[in-house]
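Following: one structure in structure tokens, then a few remarks.
The values are calculated or read from the model by the stated rules, or taken from the named source; none is laboratory data. Worth saying up front: this structure is predicted, and the values here are computed from it rather than measured. Positions of Cβ are generated from backbone atoms using ideal geometry, with glycine treated the same way; all protein chains shown enter the neighbour counts.
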Amino acid sequence: MIRRQVALIVGNTPSALAAKAATTSVPIVFVTGGDPVRDGLVANLNRPGGNVTGVSFISAELGAKQLGLLRELRPGTERIAVLVDPKWPFTERFVSELRAAALAIGQQLIVLDVSSDREIETAFTTLLQRGAGVLHAGIGAFMLSQRKRIVALAARHPAPPIQTSYRAA
């Protein structure tokens, strides 16, 4: 893209980081669910500096709040299932923060890796077998693309879903 002399580069975190490494002159706009300062996209939220700017939903850092909402949906629930895409670049950090939040409120987290349609079906069977009372539908591009399927499956099972950073409709 740099050789083609594009006027602007727009992308998610991994593509914006790659573009940032490649140029200091072409403007880069990112959309991220993470912390752009911690991810190395910008130096500061108020004054990003350089040629990079964007929007952050900081969804990966909202674990404690999301688990609190799930707790309100189903008081007394001990086990929370979370669907994650192991191929998403921020899954490890997302799961780590959710585990810390679950530990802080005395709940068990059941992490289920899903990266295909078939794995989503299997995950629902597993979460029911393991006694999950609620479901966190995870974050990332694959999870976003599967939101309608996840909501439909959750509607047929006793665990209500929560979608992060996007609406289920």
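Structural remarks
- Filtering the stretch 63-109 to residues that are free of Cβ contacts under 8 Å to residues at least 40 places away in the same chain and closer than 25 Å to Asn12 by Cβ leaves Gly63, Lys65, Pro86, Glu92, Val95, Ser96, Glu97, Leu98, Arg99, Ala100, Ala101.
- The strands (runs of 3 or more DSSP E) found entirely in the stretch 1-101 that carry 3 or more residues being closer than 19 Å to Asp113 by Cα are 79-84.
- For the stretch 13-45, the set of residues classified as under 16 Å from Phe57 (Cβ atoms) and either free of Cβ contacts under 8 Å to residues at least 24 places away in the same chain or assigned by TED's automatic domain parsing to the domain that holds Gly138 (or both) consists of Pro36, Val37, Arg38, Val42, Leu45, listed by residue number.
- Check on Arg99, more than 13 Å from the chain's Cα centre (by Cα), at pLDDT below 90 and farther than 23 Å from Ser145 by Cβ: no
- Meets criteria (surrounded by 13 or more Cβ atoms within 10 Å (Cβ to Cβ), in contact with a strand residue (DSSP E or B) (Cβ under 7 Å, 6 or more places away or on another chain) and either within 28 Å of Gly138 (Cα to Cα) or among the β-branched types (Val, Ile, Thr) (or both)) for Leu41: yes
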